[in-house]
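Single-structure report; data block below.
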Amino acid sequence: MFLLLVCGTADGQERSYSVTAFGAFTTSSKLFPYPNDPDDFTRAQFLPLDDIFSSGIEIRREIRSIRLQLGLGVEYIAASAVMSVPSPQTTIEVRDGFKVLPIELTAYFVIPFSGDLFQLFMGAGAGVYPGIRSYTYADANSSLAGRTTGVGIHIVSGVEYSLGEAVSLRGILKFRDVQFESVNRFNQSTTLYHGTGVTLSQNPLSSRINIDGMVVSIGLAYHF
């Protein structure tokens, strides 16, 4: 699929390639701060991170003779939540979340009754999801100590409407289940927070992130 996308020979049709810049909305995700805890209840606890806006870019190659499009896309997703937790000295602000860079390869099949003005398509693909947890406690940022890159599959359906000879509007509905793990650690044992000394845990902070929500995206495609 990758070789066909970037190295395929033109099939005689003009504008076989397109580049799309898109914005996306993901309905839900979860951050599990204790994925390795022996207690079932503690292990199942999670921080919900919902209603996430993101952006990305995708390049496609169209093979019109078989109604197939091959796309390679990259997206940037970041989400976080701010909480206040009590401590013996004061109330401490905690910011917890994640950053992930989905890289996805997708095969799209154009529905036969589609025309040049209006197209319907559906497809499926696979992706890799390198990501990290972003965790701040009492204004002290934790650093990355280890991680696993997620791998997963997705299915999509969408519509494309031509705005001119070389420009079109694309809307996509995607279902995917992104999961990866991150290990964070504080480099210092104490920090000063609003004039008060705060002790920082020196234990590794393991976490699991699961982005399992529906994705709705809309973008502007340039065909060349």
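The values are calculated or read from the model by the stated rules, or taken from the named source; none is laboratory data. In this text, all values refer to a predicted model and were calculated from it rather than measured experimentally. Cβ coordinates were reconstructed from backbone atoms using ideal geometry, including for glycine residues, and neighbour counts include every protein chain displayed.
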Q. Which of (1) crowded, with 17+ Cβ neighbours inside 10 Å; (2) at pLDDT 95 or above; (3) more than 30 Å from THR191 (Cβ to Cβ) does ALA79 not meet, given it meets every other one?
A. (3)
Q.
Among the residues that make up the range 49-62, is at least one of them among the hydrophobic types (A, V, I, L, M, F, W, C), modelled with pLDDT of 95 or more and not in a strand (DSSP E or B)?
A. yes
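Residue-by-condition table, conditions (1) over 18 Å from SER80 (Cβ atoms); (2) among the β-branched types (Val, Ile, Thr); (3) at pLDDT below 95:
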site: SER114; (1), (2), (3): yes, no, yes
site: ALA124; (1), (2), (3): yes, no, no
site: VAL128; (1), (2), (3): yes, yes, no
site: GLY152; (1), (2), (3): yes, no, yes
site: LEU169; (1), (2), (3): yes, no, no
site: SER189; (1), (2), (3): yes, no, yes
Q: For the range 31-53, indicate whether the set of residues that are closer than 22 Å to VAL156 by Cβ, in contact with a Leu (Cβ under 9 Å, 6 or more places away or on another chain) and surrounded by 13 or more Cβ atoms within 10 Å (Cβ to Cβ) is non-empty.
A: no
Q. Which one of the conditions (1) in contact with a strand residue (DSSP E or B) (Cβ under 7 Å, 6 or more places away or on another chain); (2) surrounded by fewer than 17 Cβ atoms within 10 Å (Cβ to Cβ); (3) over 26 Å from GLU58 (Cβ atoms); (4) of a type outside the set (A, V, I, L, M, F, W, C) does ASN203 fail to meet, given that it meets all the rest?
A. (1)
Q. Within the range 161-171, can one find any residue that is out of contact with any Phe, Trp or Tyr (no Cβ under 9 Å at 6 or more places or on another chain), surrounded by 14 or more Cβ atoms within 10 Å (Cβ to Cβ) and in contact (Cβ under 8 Å) with a residue 24 or more places away in the chain?
A. no
Q) Within the range 96-127, which residues are among the aromatic types (Phe, Trp, Tyr) and surrounded by 14 or more Cβ atoms within 10 Å (Cβ to Cβ)? A) PHE98, TYR108, PHE109, PHE121
Q) Restricting to the range 182-202, what's the tally of residues that are touching a residue at least 12 places away in the same chain (Cβ under 8 Å), in a loop (DSSP other than H, G, I, E, B) and not aromatic (Phe, Trp, Tyr)? A) 7
Q: Find the residue count for the range 57-81, including only residues that are free of Cβ contacts under 8 Å to residues at least 60 places away in the same chain and either among the hydrophobic types (A, V, I, L, M, F, W, C) or farther than 16 Å from PHE121 by Cα (or both).
A: 13
(Q) Of everything in the range 134-152, what is aliphatic (A, V, I, L, M) and touching a Phe, Trp or Tyr at 6+ places or on another chain (Cβ under 9 Å)? Give them in sequence order. (A) ALA138, ALA140, VAL151
Q: State the number of residues belonging to the range 61-87 that are of a type in the set (S, T, N, Q) and farther than 21 Å from PHE224 by Cβ.
A: 3
Q | Residue that is within 19 Å of the chain's Cα centre (by Cα), more than 22 Å from ILE59 (Cβ to Cβ) and not acidic (Asp, Glu), where the choices are LEU173, LEU144 | A | LEU144
